[in-house]
Amino acid sequence: DKIDNKDLEDANIKVMIGTEKKSRVITEAEKKLTAYHEAGHALLSKLLDPTSRVHQVSIIPRGRTGGYTMHMPEEDKYYTSKKEMLNDIVVLLGGRVAESLKLDDISTGASNDLQRATSIARSMVAQYGMSDSLGPVCYDSNEEVFLGRDYGHAKNYSEKTAAMIDEEVESFLTRQYDKAREILTKHSDMLDKIANLLLEKETINEEEFEAL
């Protein structure tokens, strides 16, 4: 009778994302930027996959993040399709795109998003053979080799192929960035509604998001 669902929810978020930074002073400009950034993630997630459950969206700083969008998976997955991975990249780039569209500027807040999106794109090209131009070849076997004092990854392809992989990764990211921009431009009014509700309430739950 002392612990309810809200306590469990708060504990779960604290473990997954970090401790809420209640003492941090946030400017209105920062709040607005974070609101549009997270709104971009959440909206793209729902538009690309209507069955996606956006469990919570917040602009309250936690851990190393200025805000967060939390998804609730419907089921455990053993495999991920090419389409799903491309959609994941679109969603990850959605925060940066929303900043650019609505604030006519971009921030360092998308740093982790860009790292994750780039990692997915590189895995698709070099590990899973999902590039049409490079074909169904695995270039990155993740095999470790001993290099003197340290371990490094074996590289069993030429500099020319490495350049082609880099170009294809950039192409994947650019195409998905353009797709994110096209979708958010089309649904600009909804992006505003989500961001404004975040500015008003700071955290919105699944029911509130679905109602919008």
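Observations on the structure shown:
- Among the residues listed as LEU43, LEU8, the single one being in contact (Cβ under 8 Å) with a residue 12 or more places away in the chain and in a helix (DSSP H, G or I): LEU43
- Lone unmet requirement of (1) in contact with a helix residue (DSSP H, G or I) (Cβ under 7 Å, 6 or more places away or on another chain); (2) closer than 19 Å to LYS82 by Cα for ARG175: (1)
- Residue match in the range 27-37 (condition: more than 17 Å from ARG96 (Cα to Cα) and in contact with a Lys or Arg (Cβ under 8 Å, 6 or more places away or on another chain)): no
- Number of the condition not met by GLU38 [criteria: (1) open to solvent by less than 20 Å² (accessible area, probe 1.4 Å); (2) farther than 17 Å from ILE194 by Cβ]: (2)
- The requirement of being open to solvent by 30 Å² or more (accessible area, probe 1.4 Å) and on the phi > 0 side of the Ramachandran plot is fulfilled somewhere in the range 82-104, by at least one residue.
- Answer residue from the range 11-30, given it is in a helix (DSSP H, G or I) and surrounded by fewer than 18 Cβ atoms within 10 Å (Cβ to Cβ) and is modelled with the lowest pLDDT among those: MET16
- Residue in the range 58-80 that is open to solvent by 30 Å² or more (accessible area, probe 1.4 Å) and in a helix (DSSP H, G or I) present: no
Matching residues to (1) under 27 Å from LYS83 (Cα atoms); (2) of a type in the set (Asp, Glu); (3) in a loop (DSSP other than H, G, I, E, B); (4) at pLDDT below 90:
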position	(1), (2), (3), (4)
GLY109	yes, no, no, yes
THR118	yes, no, no, no
MET130	yes, no, yes, no
VAL145	no, no, no, yes
ASP166	yes, yes, no, no
GLU170	yes, yes, no, no
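The values are calculated or read from the model by the stated rules, or taken from the named source; none is laboratory data. Quantities reported herein were computed from a predicted structural model and do not represent experimental measurements. For neighbour counting, all protein chains shown are included, and Cβ atoms are generated from backbone atoms with ideal geometry for every residue, glycine included. These accessible areas exclude ligands, DNA and RNA; they are computed on the full protein's heavy atoms, side chains included. Shrake-Rupley method; radii C 1.70, N 1.55, O 1.52, S 1.80 Å.
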